[in-house]
Amino acid sequence: MYFPRARMAVESFKLVENDLFREKELRSMLEEAGSRQVKDVISDIRAQVAANNKGIALMEDLMSSEGAARVQKYMKEIQNTAAVSVQDMLRRISIERGLKPKDSVYAEDFMDNGLRIKLKLTIDRDLGTAEFDFAGTSAEVGDQLLSFLASSTDEGCTIPPALTSRFGICRFTGT
């Protein structure tokens with residue numbers, strides 16, 4: 001778990017136990033890590049927990065009223081529609097930029113601290129897929145969690161696994 005505002009990463013910590021938010025323990029961890037604005041960080045985390053609980057309750061209600069099979073069917077249809085939309089977008093970008101059927105575009109930018117983010121995006125118009133290559137991107141430093149850029153698997157991809165595994169929408173390469 002990573003708390004960017006708190007500048008703290010926690011490998012494992014149970015925020016809620018027996019329906020009780022473990023604020024005392026969390027506060028202690030945040031203070032020990034030298035986090036600033038501890039009160040605000042705890043409020044943010046409480047809001048996230050509440051949102052998750054609301055989502056769980058709504059899903060339970062939906063499953064109860066519509067049945068698991070029907071909900072799963074519609075969830076799959078939504079995933080498929082999203083995948084097709086991304087494929088269409090990639091094809092549109094390829095055509096609008098005058099790319100060959102399989103071609104690349106490039107981007108480079110720098111963070112405030114000078115770290116480089118470099119991207120080669122290769123779009124395969126026929127397949128409707130893209131490969132994100134971050135070779136040349138600066139290594140992870142301090143509180144800048146850029147390690148996902150160095151991944152050579154879909155683990156670092158922010159697109160849901162249902163899309164990446166079925167449609168190969170992104171694959172990270174590079175250093």
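Pairs LYS76/LYS118; LYS14/LYS39; LYS14/LYS76: which exceed 26 Å Cα-Cα?
Exceeds cut-off: LYS76/LYS118; LYS14/LYS76.
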Which whole-number percent is the relative contact order of the range 54-127 (Cα, under 8 Å, 6+ apart)? 24 percent
Calculated FRET value between ALA68 and GLN48, using beta carbons and R₀ = 25 Å, to 0.05: 0.45
Calculate what fraction, in whole %, of the accessible area of the range 40-92 sits on carbon and sulfur atoms when a 1.4 Å probe is rolled over the protein chains. 57 percent
At a probe radius of 1.4 Å, what is the per-residue accessible area of PHE110, in Å² to the nearest 10? 110 Å²
Determine how large the accessible area of LYS39 is when every protein chain is in place; take a 1.4 Å probe and give Å² rounded to the nearest 10. 150 Å²
If you take the beta carbon distance between ALA33 and ALA107 as r and set R0 to 35 Å, what does 1/(1 + (r/R0)^6) give as a FRET efficiency, to the nearest 0.05? 0.55
Give me the accessible area of TYR74, 1.4 Å probe, in Å² rounded to the nearest 10. 100 Å²
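So, with +1 on the Cβ of K and R and -1 on the Cβ of D and E, and no other charges, what is the size of the charge dipole of the range 68-110 about its Cα centre, to the nearest 20 debye?
340 debye
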If the chain between ARG116 and LYS76 were fully extended at 0.36 nm per residue, the gain over the current Cα-Cα distance would be 10.6 nm
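The values are calculated or read from the model by the stated rules, or taken from the named source; none is laboratory data. Nothing here was measured: the structure is a model prediction, and the numbers come from that model. When we count neighbours, we look across all protein chains shown, and the Cβ atoms used for this are built from the backbone with ideal geometry, even at glycine. Just so you know, the surface numbers come from the protein's heavy atoms only, side chains and all, with ligands and any DNA or RNA stripped out. Shrake-Rupley method; radii C 1.70, N 1.55, O 1.52, S 1.80 Å.
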